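The values are calculated or read from the model by the stated rules, or taken from the named source; none is laboratory data. Quick caveat: nothing in here was measured; it's all calculated off a predicted structure. Virtual Cβ from ideal backbone geometry, glycine too; neighbours counted across all protein chains shown.
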Amino acid sequence: MKKLTLSIAVVAAMIAGCKKDDKDQSRRDMITGAWTISQGGTDANNNGIIDAGEVENASDTTMSGTMTFNNNGTAAAVFNVMGLPIGLSGTWELVNNENALRMISTFAGSTDTSYFEIKALSTSNLTLRDTLGASMNDASWIVLKK
């Protein structure tokens, strides 16, 4: 019985050791993939922290969508705003010591550059703060899930 228990413990430890931890992946690897918008909102007091009342679940708003960041630096997004689909394509890269995400996107023949501060990142969660809206006082949050 002791041998069986020890064998099970060794196998469990080996399996746990093989699991890839967030710390083992680069920030680029964690961002790469398809993401769904789960929350969004405005940093009303411009303190750089998501405070209660500043975000809404995407299911409670008129905006939803997906963002895909490919390993080759290309990106695509599809947003549904009040029932209207809006598709964007472009490129992405990590900047500012990999603490920010720059996206250059094209929509209807117009090119736009957006900078997002990465507030939180794991293999399944990504929180971005866009500080380059109409003014620095209307920074917006986008919370994404894989």
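In this structure, Asp138 does satisfy being modelled with pLDDT under 85 and acidic (Asp, Glu). Could you tell me whether any residue of the range 102-112 is at pLDDT below 95, within 19 Å of Asn125 (Cβ to Cβ) and surrounded by 13 or more Cβ atoms within 10 Å (Cβ to Cβ)? Scanning the range 102-112, I find at least one residue that is at pLDDT below 95, within 19 Å of Asn125 (Cβ to Cβ) and surrounded by 13 or more Cβ atoms within 10 Å (Cβ to Cβ), so the answer is yes. The set of residues in the range 55-73 being surrounded by fewer than 18 Cβ atoms within 10 Å (Cβ to Cβ) and either closer than 17 Å to Glu117 by Cα or among the β-branched types (Val, Ile, Thr) (or both) consists of Thr61, Thr62, Thr66, Thr68. Being farther than 28 Å from Gln25 by Cα, aliphatic (A, V, I, L, M) and touching a residue at least 24 places away in the same chain (Cβ under 8 Å) is the filter here, so list the residues in the range 38-87 that pass it. Hits for the range 38-87 are Val55, Met63.
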